[in-house]
1. Test of understanding: among 96, 119, 130, which residue is surrounded by 15 or more Cβ atoms within 10 Å (Cβ to Cβ), away from ligand 1 (no atom under 16 Å from the Cβ) and under 12 Å from residue 154 (Cα atoms)?
2. Quick one: residue 60 ticks every box in (1) more than 13 Å from ligand 1 (Cβ to nearest atom); (2) surrounded by fewer than 16 Cβ atoms within 10 Å (Cβ to Cβ); (3) modelled with pLDDT under 95 bar one, so which box is it?
3. So, of the residues in the stretch 96-131 that are within 16 Å of residue 187 (Cα to Cα) and under 9 Å from the mean Cα position of the chain (by Cα), which turns out to be nearest to ligand 2 (Cβ to nearest atom)?
4. Would you check which residues across the stretch 184-206 are buried (at least 18 other Cβ atoms within 10 Å of the Cβ) and assigned to a helix (DSSP H, G or I) and list them?
5. Is it the case that residue 74 is out of contact with any strand residue (DSSP E or B) (no Cβ under 7 Å at 6 or more places or on another chain), touching a residue at least 40 places away in the same chain (Cβ under 8 Å) and at negative phi?
6. Considering only residues of the stretch 147-183 that are touching a strand residue (DSSP E or B) at 6+ places or on another chain (Cβ under 8 Å), assigned to a helix (DSSP H, G or I) and within 16 Å of ligand 1 (Cβ to nearest atom), which is nearest to residue 207 (Cα to Cα)?
7. Run residue 65 past the list (1) at positive phi; (2) under 16 Å from the mean Cα position of the chain (by Cα) and report the number of the one that doesn't hold.
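The values are calculated or read from the model by the stated rules, or taken from the named source; none is laboratory data. Fair warning: this is a prediction, and the values are worked out from it, not measured in the lab. Because the Cβ atoms are built from the backbone with ideal geometry, glycine has one as well, and the counts that use them run over all protein chains shown.
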Ligand SMILES: [Zn+2]
Ligand SMILES: [Zn+2]
């Protein structure tokens, strides 16, 4: 598999998703995925797990049968200040922190407010990856967001589900985002946003976007476990030692 890292997957802890940790490990092994993250919705989302879901992730194995699983969250951006629904020392116990707009938590507003929320979220230092920034329900000033993300070493996501099952009309925005990140010198990551294990590591449509803008693969975090782990370490995560066995 060319891109063996997936940063975005939901388990049955979010009840509109349908697979367990076991299912994900099994599919990862069979597809040759070396490293993936489980990133259930932050507690403020409808049908999200309780706060304790994230606090208790220390019980999870990090490596099973040679496959790595990062302990993550897809937090909700709550307001224009860019605050998210997870905080404090608990954030530092996670291996990877994603955040994005979700309608039940942050109803769509104006382009200026969406842009400011994303910029504040990026500048907060709490979030590694902004999920589905190309959602047409949340128009943003793409150039400004790409520039601030590059300055703050935050990756923007090209979300493969946005081209398949949700967020209709994302393609033009995602293409513009990929181009803007390329020009700003920033980082992109592809996320399957799987809500069932079968789609883990599925990036077909996202790859088309990356290729359409000739995005430099050395700034794409899915290129190897090492690339993602180095990025997360550079963002201050100190929980990653067990994953070193994945780096060859
Ligand atoms: Zn999402
Ligand atoms: Zn998601």
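1. After ruling out the rest, the residue left standing is 119.
2. (3)
3. 131
4. Scanning the stretch 184-206 gives 184, 197, 199, 205, 206.
5. Spelling it out, it is not the case that residue 74 is out of contact with any strand residue (DSSP E or B) (no Cβ under 7 Å at 6 or more places or on another chain), touching a residue at least 40 places away in the same chain (Cβ under 8 Å) and at negative phi.
6. 160
7. Going through (1) at positive phi; (2) under 16 Å from the mean Cα position of the chain (by Cα) one by one, residue 65 breaks only (2).
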